[in-house]
Each structure stands twice: as C-alpha cells, then as structure tokens.
Amino acid sequence: MKTAYIENISDYSGKEVKIRGWLYNKRTSGKLWFILVRDGTGIIQAVVSKADVDEDSFNMCDILTQESSLTIIGTVNPDRRAPGGYEIQAKKIEIIQIAKDYPITPKEHGTTFLMDHRHLWLRSTRQYAILRIRQEIIKACRNFLDERGFILLDTPIFTPAACEGTTTLFETDYFGSKVYLTQSGQLYNEACAMAFGKVYCFGPTFRAEKSKTRRHLTEFWMIEPEAAFFDLDDNMDLAEDMVIYVVQQVLKNKSKELKTIERDTTNLEKVSKPFPRITYDEAVKILHDKGVDFDWGNDFGGADETIISKHFEKPVIIHRFPSEMKAFYMKRDPENEKLSLGCDLFAPEGYGEIIGGGQREENLEIVEKRIKEFNLPRDAFEWYIDLRKYGTVPHSGFGMGIERVVSWICKLSHVRETIPFPRMLYRVTP
RNA sequence: UCCUCGGUGGCUCAAUUGGCAGAGCGGGUGGCUGUUAACCACUAGGUUGUAGGUUCGAGUCCUACCCGAGGAGCCA
C-alpha cells in the first residue's frame, strides 16, 4: 500500500492508500462519518461507515477534534458529492495526537485574534492559497531573470552606512560598532552589474518607517535586477515584461488557488503589452483633472497612487520624476535638469507602486558632487565611487516588492497576509 | 506624533432613554447512513480592558491610563 499526497490523489483512483495529515472538519449522520483531512497539499473527504471499519476506528471519529493528527487507510473513489471530486472510503484510522481546544474554528474571527495565532492561521485554506501564489510569483520572477541571463548575486543584509538617511534604518550592534539592516541591495547590485553585466538580488529588506497602512511592512522581500548598458527605456521594458510574465505564470499554474480566494481574474487577464507610460507631469495632470490638490514636486501619497492606478486598466509606468525627490544616484534627464530618469510601476485596481527604479548616474564627477550635496559620508562611499572610476558605463535597475505584488494579484485588503510571519509597526510576534 | 473607531463567555457579536448581561459558533451529552462552515434537542461557560468618579441603580455617562483596528504624517 502506498502513502499518497492529496494533491496527487487522482493517480490512485480505485486503489488503497494511506493518507497522513490533520483533521480539518468532520460531520456525522449516526453510523456514518465524513472526515475532512488536510495534509499540506490539499484537503480530502474520508467516509467512515460503521459497516466497513473496525469498531476502534469508528469510535475514534467521535473523539477526533479539529487539527488532531492522524493517518487514514482506505480506498480512493471518484465521487461528485465529495469536495475535490475524490473521496476515501476508510478502512482504518490511527490517531497520532488528539488536539485539544484548537483556537481557530471554522467560523469567523477578527484580525487581532488571527494575527495573534498566525502560526496556526497558516493552516487555513485561504492562507494556504495566498502563500502558494506567493511562491509562484517568486518562482516566476527568478525564472524570468534567469532565462534572460541575469546572475543571482545576493547582497549583504548588514550594511555599514546609510544609503539615504538613517531615520528609516534599523540599527544593530556589530561587535561594538553600529551597522544597519539593508533597505535595498541596489548599491551593491551596481558593483555586481559592473562585474557580471546583468545581475539581480532577492532577499529581505528592512525599513524603520512608522507607517501603519495596508501596504507597509517593516520587513519585506524585494527582487532587484540591475544591468550594465541599460538605459531608462531598456529598464521600463524589462519591468513590463517581468510583470506580464509573473501574472501569466500565476494565471496558468495557480488557477485553483485564485479560485479559492475568489479572485476575479478578468483584470489580470488584461495585463499585456504595452503598458501605458506617462511622465510625472502627466500623472500630476491626471490628479488635477480629478480635482486633487497636488503641488508639483511632491511625491505621490497612498491616495494619489490609488487614483492614478485606478485611471488605467493595466499597470502604468510613471517616469521622469522631479530630481529633488529622488536619491543621489539617480541620473538626471539630459534634456531637463529638474527631472530624473526614475521610473515607478503602479499596479492597477488601486494597488499603486509595486516597482521603483531608474537609470543611475554613471559620471564620476557628478556622483562625487551629489554625495557632497546630500551630506553623505564620503569614506563610506569610496567603494561606490570606484565603480565610476574604473570603466563606468550607463546602467539601470529596479526593485519590486514581492508582498505588494502578492497583495495585488490576490486582491487582498492588506499586505499582512502575503508573508507567513508579517513584521509591522506594532507587530513582531509570533 | 496626530485623527477616527473599538475592547462584553474560548471566538464573532447583541443588549432600546442609565433599569433582569443574551444569541450563534466552539466545548460537553444524546439523535440521525451522503454530509458540504451539515442538522435537531439538551447542557456548562461572565470581576463587560484597567483604575477612579457620577447615580437609588453603570456594559451604557464622566476622567485618566492600557491594548487593538483604520487612516494621516513619514515612506528605495
């Protein structure tokens, strides 16, 4: 007899198998039990009939509680009355452990209660579906970049200096000196791109922002490609192609999960080339046309992002931001000093920014001047300046926040469900 | 740091003008051979976030504090 996983149960139709898992729910009609078992790959219904099992196995059904661990031996049968299309006609049940008072019941719960029990909440079907989609998104990003010759070169988590001000950095002790948790792998990515041409990093990043909104985590995962000889247009092409690929892979491989979370995929199916590309000036005009009081030179707030992203059916790319609001390494538009060659990509349906990036300044003298203007400690950036001394070339890149992409693709109301254990302003447990 | 809302059985919520703290789920007991968050009957379960105050009487009104949610500011 084979031990089977529920996701492959159709391969065992008519055969006897052993399933190992946890009790999801149960129902009884006297001499008949319906036992829903999950094993991490899916959920299946086992039918336990008093006539077909030994007395011990039948009585066990009575004492089984939600999330008790068990094994079931029985025959796999197709049955249209069973959720999932197949059920197991049980022959024998063995209990591994009876779970006492599992706190998450099949009825509704509040956010606080669920977040306090996040380690158990992960067992529910909705969380299961969302996190499987997250895995597909990550896999798609990596496949996309790998197939285009980008080399994965992960950048450090401990960093010696702030790249853009220390207020949003988490500080930690490093054998007596101060170091910070990375908020972006970008500067290191630039060094890697000068060595390998096309590179990317993928890892956690940390922002000590006191933001308490549906789109902020203090610890989040970012995938950041960086390529030598790419200009702003190449960069926008790459971002567009990557987002399309990711959405298509999720639609293709995770349709069951999208259905579980009741995601209407109509809008996802519209995600195709070309994405509208507008300048910052044009985006400001959209806001003004909608009656929003917005001053040129400001960054878009959460509400502004929502308005702009709702204006388009597809993701929209916004480029050429005012240079004053962008980082020291951003290249200025040769045609207009007041603009920088940055680009953001906003997800549709009101989700806002999921990608930020642009073309980097490659000129040695300008980078040195900017570091001075931004009051950055020059010695901490000597290695970065070296990149401009030794064979500098135009280059570009961007960062995509994984949790925001998951949030959009799953159409969630908050990013807290997009990562197994979210870290937020007032939440670091469990 | 600020604004708004909230805190009542294990969970989700109700409680009229300040007047007997209640329901569903979950737990327990019993019933049912095709259930789909099954259903039916019975049953146990409460210092209403904390500390004070007003009142004949406070879950309800007042003050302070604690905790949470949503948002603002802030945010490569």
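For the reader, a short list of remarks on this structure follows.
- Condition met for A:GLY397 (within 16 Å of RNA strand B (Cβ to nearest atom), more than 20 Å from A:LYS212 (Cβ to Cβ) and modelled with pLDDT of 90 or more): yes
- Filtered by the rule that a residue be under 13 Å from A:LYS411 (Cα atoms), without any contact (Cβ under 8 Å) to a residue 24 or more places away in the chain and either part of a helix (DSSP H, G or I) or aliphatic (A, V, I, L, M) (or both), segment A:261-292 gives a lone residue, A:THR266.
- Residues being among the acidic types (Asp, Glu) and open to solvent by 20 Å² or more (accessible area, probe 1.4 Å) - total across segment A:224-246: 5
- Lone qualifier among A:LEU251, A:LEU287 - being out of contact with any Ser or Thr (no Cβ under 9 Å at 6 or more places or on another chain), surrounded by 15 or more Cβ atoms within 10 Å (Cβ to Cβ) and among the aliphatic types (A, V, I, L, M): A:LEU287
- Some residue of segment A:117-139 being within 11 Å of RNA strand B (Cβ to nearest atom), touching a helix residue (DSSP H, G or I) at 6+ places or on another chain (Cβ under 8 Å) and farther than 26 Å from A:TRP408 by Cβ: no
- Each residue in segment A:59-78 was checked for being surrounded by fewer than 14 Cβ atoms within 10 Å (Cβ to Cβ) and modelled with pLDDT under 90, and 4 of them qualify.
- Some residue of segment A:355-374 being within 30 Å of A:ILE307 (Cα to Cα), within 19 Å of the chain's Cα centre (by Cα) and in contact (Cβ under 8 Å) with a residue 60 or more places away in the chain: yes
- Cβ separations smaller than 6 Å between residues 6+ apart or across chains give the following pairs from segment A:94-106 residues that are open to solvent by 50 Å² or more (accessible area, probe 1.4 Å) to residues that are among the small types (Gly, Ala, Ser) and more than 9 Å from RNA strand B (Cβ to nearest atom): A:ILE96/A:SER69; A:GLN97/A:SER69; A:ILE98/A:SER68.
- Of all residues making up segment A:373-425, the number that are open to solvent by 50 Å² or more (accessible area, probe 1.4 Å) and polar (S, T, N, Q): 3
- Single residue of segment A:407-421 satisfying the filter (assigned to a loop (DSSP other than H, G, I, E, B) and more than 10 Å from RNA strand B (Cβ to nearest atom)) that is nearest to A:PRO348 (Cα to Cα): A:LYS411
- Under the condition of being of a type in the set (Lys, Arg) and closer than 30 Å to A:THR265 by Cα, the residues counted in segment A:371-430 number 4.
- The requirement of being more than 20 Å from A:LEU120 (Cβ to Cβ) and either at pLDDT below 90 or out of contact with any helix residue (DSSP H, G or I) (no Cβ under 6 Å at 6 or more places or on another chain) (or both) is satisfied by A:LEU32.
- Residue-level analysis places A:ILE35 among those that are more than 31 Å from the chain's Cα centre (by Cα) and open to solvent by less than 60 Å² (accessible area, probe 1.4 Å).
- Scanning segment A:49-58 for residues that are in a strand (DSSP E or B), within 11 Å of RNA strand B (Cβ to nearest atom), surrounded by 12 or more Cβ atoms within 10 Å (Cβ to Cβ) and at pLDDT below 90 turns up at least one hit.
- Exclusive hit being open to solvent by 40 Å² or more (accessible area, probe 1.4 Å), modelled with pLDDT of 90 or more and of a type in the set (Lys, Arg), set A:ARG126, A:ARG81, A:ARG132: A:ARG132
The values are calculated or read from the model by the stated rules, or taken from the named source; none is laboratory data. Predicted model only: the values in this text are computed from it and were never measured. When we count neighbours, we look across all protein chains shown, and the Cβ atoms used for this are built from the backbone with ideal geometry, even at glycine. We work out accessible area using only protein heavy atoms, side chains counted, and drop any ligands, DNA or RNA first. Shrake-Rupley method; radii C 1.70, N 1.55, O 1.52, S 1.80 Å.
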